[in-house]
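Everything on this sheet refers to the single structure shown next.
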Amino acid sequence: MFTETLINETCELFKVHQRDLLGNYRFKFLMKPRFALAKALRLRGWSYPQIAKALGYHHTTGIYHVREADFWMTRDPVFAEKVKHLASLKMEDTHAA
């Protein structure tokens, strides 16, 4: 599945475990990976409700994550490169339109 591959790649890039990335934990070290994942999906054309459904949270949280990713991309070039890498992965994008 597309999102599973993207989630796994995010975990590898940011050195976090999948259960932590998608869990309810509110640790600071998990925020940038979550922001990056949401932004990568948005860059691939996903809507906020689609991102929220795929990642298991409310669409307003998806909006927040994408906005925070925008903020960090302007301030952290390494983070920006990771987001661009995630957004450009070559795989079939099978989200519902």
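The values are calculated or read from the model by the stated rules, or taken from the named source; none is laboratory data. All values reported here derive from a predicted model rather than from experimental measurement. Glycine gets a Cβ as well: all are built from the backbone with ideal geometry, and neighbour counts include every protein chain shown. Ligands, DNA and RNA are excluded from the accessible area calculation, which covers all protein heavy atoms including side chains. Shrake-Rupley method; radii C 1.70, N 1.55, O 1.52, S 1.80 Å.
Please give, to one decimal in nm, the separation of the simple spin-label points placed at Ala87 and Phe71, each 7 Å out from Cα toward the Cβ.
For Ala87 paired with Phe71, the spin-label model returns 1.8 nm.
Could you check how much of the accessible area of the chain is carbon and sulfur, as a whole percent, using a 1.4 Å probe?
56 percent
How many Å² of accessible area per residue for the chain, probe 1.4 Å?
Numbers: 5940 Å² over 97 residues.
I get 61 Å² per residue for the chain.
Evaluate the Debye formula for segment 5-97 with equal point scatterers sitting on the alpha carbons, no solvent, and hand back log10 of I(q)/I(0) at q = 0.12, 0.18, 0.19 Å⁻¹, in q order, two decimals.
Scattering profile of segment 5-97, log10 relative to I(0): -0.31, -0.74, -0.84.
Only Lys, Arg, Asp and Glu count, each charged at its Cβ (+1, +1, -1, -1), so figure out the dipole size of segment 27-78 about its Cα centre, rounded to 20 debye.
Magnitude of the dipole: close to 60 debye.
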